[in-house]
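The values are calculated or read from the model by the stated rules, or taken from the named source; none is laboratory data. These figures come from a predicted structure and were not determined experimentally. Positions of Cβ are backbone-derived with ideal geometry, glycine not excepted, and every protein chain shown enters the neighbour counts. These area figures cover heavy atoms from the full protein model, side chains too; ligands, DNA and RNA do not enter into them. Shrake-Rupley method; radii C 1.70, N 1.55, O 1.52, S 1.80 Å.
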Amino acid sequence: MSTVNYAQAEAVATITLDDGKVNVLGPVMQQNIHAALDQAEQAVAAGEVKAIVLAGNDRVFSGGFDLAIFGSGDAVAGLGMLSGGIELMVRLLTFPVPVVIAATGPAIAGGSFLLMSGDHRVGSSKVRCQANEVAIGMTVPQACVEILRMRLTRAAFQRSVGLAAVFSGPELVTTGWLDEIVEPEQVLSHAQQVAAGFAATLHPKHHLASKLKARGDALAAIRAGIDGLAAEFAASV
């Protein structure tokens, strides 16, 4: 079963995560997202796509990494999944056209970091966001800490990393987890409308150059975290 669907309408490509459950970011899901992003990039190069939407299913955006792999005792598999997921987030943060996230449901753990890797994030007041690592016996990887640092207010950042705080309702916008809140049934359609607006008004070349400048320090810190991930992961298992 495919865990990712790809569709294109005019200048917007929509990539929908749907494993029939909670959109776990295991190796297969990561590979399928990359394949969809490859397809979108080809359409970007051809001038056919000028913005993308990354959405969850009608149950959840993503519940995060596959805990069964982390708990399997296979350190190589666990590190590979983790590093692959963070590389995917870097790809989204540096994608050549605007990335709009449709948070169709909760974004938890790895799913919360994926959410924060979009350029614009749309959700509903029913969405729940949480970096829950310290509540389940894990340490937040430095690269993921840097993703949160880039997007959250200072107070929300500290509560998220150290206290596994749960965010919902209007505070999703005031703390930096989301950019817009709409009715639950409108999340995907509104995200697509926003993406269409970006596609119609932004110049892709200058959009990319400008966001890379704006995110330069954060991307350097994230990549430094990736470089140290093996040692960090080994110390945590």
- prompt: Nearest-5 percent of antiparallel DSSP beta bridges in the chain?
  reply: 25
Cross-link reach list, aspartates and glutamates versus LYS213, counting only Cα pairs under 12 Å and skipping chain neighbours closer than eight places: none
query: For the chain, what is the charge dipole size about the Cα centre, in debye to the nearest 20, if Lys and Arg each add +1 at the Cβ and Asp and Glu each add -1 at the Cβ?
result: 540
message: As a test of reading the structure, rank LYS126, LYS50 by solvent-accessible area (1.4 Å probe, protein chains only), most first.
response: LYS126, LYS50
message: I'd like the orientation of helix 216-227 relative to the chain: the angle between its Cα long axis and the longest Cα principal axis, in ° from 0 to 90, rounded to 10.
response: 40
query: Roughly how many Å² is the accessible area per residue of the chain, as a whole number, for a 1.4 Å probe?
result: 43
- request: Using Cα pairs closer than 8 Å and at least 6 residues apart in sequence, work out the relative contact order for the chain, in percent.
  value: 21
query: (1) 17.5, 54; (2) 18.3, 54; (3) 16.6, 49: which one is Rg and Dmax of the Cα atoms in Å as calculated from this entry?
result: (3)
field: Gain in span if fully extended, ALA220 to GLU87, counting 0.36 nm per residue against the direct Cα distance
entry: 46.6 nm
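Just to make sure I understand: if all protein chains stay in place, what is the order of ASP74, ASP227 by accessible area at 1.4 Å, largest first?
Result, largest first: ASP227, ASP74.
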- prompt: Modelled label-to-label distance, THR139 and ALA68, 7 Å Cα→beta-carbon offset: nm?
  reply: 2.8
- request: Return the lysines within reach of LYS50: Cα separation strictly under 17 angstrom, same-chain partners fewer than 8 residues apart disregarded; answer none if there are no such residues.
  value: LYS205, LYS211
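How much length is gained if the chain between ALA46 and ARG59 is pulled fully straight, taking 0.36 nm per residue apart and subtracting their Cα-Cα distance, in nm to one decimal?
Net length gain for the segment: 1.3 nm.
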field: Share antiparallel - DSSP beta bridges, the range 1-93, percent rounded to 5
entry: 50
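With all protein chains present and a 1.4 Å probe, how do ARG215, ARG59 order by accessible area, largest first?
The ordering from most to least exposed comes out as ARG59, ARG215.
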field: Net lengthening on full extension, THR174/ALA209 (0.36 nm per residue, minus Cα-Cα)
entry: 9.9 nm
message: If you roll a 1.4 angstrom probe over the protein chains with everything in place, what fraction of the accessible area of the range 43-82 belongs to carbon and sulfur, to the nearest %?
response: 54
query: Taking all protein chains as present, what is the carbon and sulfur share of the accessible area of the range 1-41, in % to the nearest whole number, probe 1.4 Å?
result: 52
Sequence-distant lysines (8 or more away, or on other chains) whose Cα lies within less than 22 Å of LYS126: LYS21
Whole-percent carbon and sulfur share, accessible surface of the range 141-237, 1.4 Å: 57
